[in-house]
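I have placed the structure first, in the form of structure tokens, so that the comments after it can refer back to it.
The values are calculated or read from the model by the stated rules, or taken from the named source; none is laboratory data. Being a predicted model, the structure only gives us computed values, none of them experimental. For neighbour counting, all protein chains shown are included, and Cβ atoms are generated from backbone atoms with ideal geometry for every residue, glycine included. Just so you know, the surface numbers come from the protein's heavy atoms only, side chains and all, with ligands and any DNA or RNA stripped out. Shrake-Rupley method; radii C 1.70, N 1.55, O 1.52, S 1.80 Å.
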Amino acid sequence: MKTSRWLPLALFVALAALLAAGVWMSRKPDRDVLPSPLIGKPAPEFALPVLHDPQHTVRLADLRGQPFLLNVWGSWCVECRVEHPVLTRFAETKRLRVVGYNWKDEPADALRWLEQFGNPFWLVLADVEGRAAIDWGIYGAPETFLVDGAGIIRWKHVGPLTDAVIADELMPALQQVEAAR
């Protein structure tokens, strides 16, 4: 009889502890970030037309040999507009080839957007239907991948690039890629 008397209190304490643990763990600022299962694995193969020359197709094999940054964007993407000046400043350093991946966009709209805001990209690929993006695990724009010279994905960022993300995340990942050469 004594044990059953304390059971509700014990259950309450256990539930309170579980709730407190959940609140404690949710304080992390990157709790919504899903790690990419592609990190450390070969980048998915693709064959996509070049935005500025749709008759020319580029494959992943064409980009191997040197690392590159693949930036997923679209003219319809509000956050892509926010990240564009940051990406442009980074591309101007010429530290790394910056490849644009125009996703689910009308080519005319994408070309007009680049004309209006500037083209920081070494090359722009067009995935109008978004089929190749499925293999890359792309589910929104902007997203950015660092791919090493062997075609291995070394880093991924979901959301707009900021100066802090470049300094605190991309540059250390790039330095690791460069040190491994």
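State which residue is least open to solvent (accessible area, probe 1.4 Å) when the search covers only region 148-170 and only residues that are among the aliphatic types (A, V, I, L, M) and over 20 Å from C80 (Cα atoms). In this case the residue turns out to be I153.
Of the listed requirements (1) at pLDDT 95 or above; (2) farther than 19 Å from V50 by Cβ; (3) among the β-branched types (V, I, T), V124 misses just one: (2).
Residues in region 84-117 that are of a type in the set (G, A, S) and surrounded by 13 or more Cβ atoms within 10 Å (Cβ to Cβ): A91, G100, A110. Scanning region 148-181 for residues being over 16 Å from the mean Cα position of the chain (by Cα) and in a loop (DSSP other than H, G, I, E, B) gives a total of 3.
Reported count of residues in region 125-139, each being touching a helix residue (DSSP H, G or I) at 6+ places or on another chain (Cβ under 9 Å) and either open to solvent by less than 40 Å² (accessible area, probe 1.4 Å) or part of a helix (DSSP H, G or I) (or both), is 4.
Candidates T144, T93, T88: the one that is hydroxyl-bearing (S, T, Y) and touching a residue at least 40 places away in the same chain (Cβ under 8 Å) is T144. Within region 14-39, if we keep just the residues that are surrounded by 11 or more Cβ atoms within 10 Å (Cβ to Cβ) and at pLDDT 60 or above, the residue that is nearest to L174 (Cα to Cα) turns out to be I39.
Of all the residues in region 141-170, those that are out of contact with any strand residue (DSSP E or B) (no Cβ under 7 Å at 6 or more places or on another chain) and closer than 25 Å to K104 by Cα number 3.
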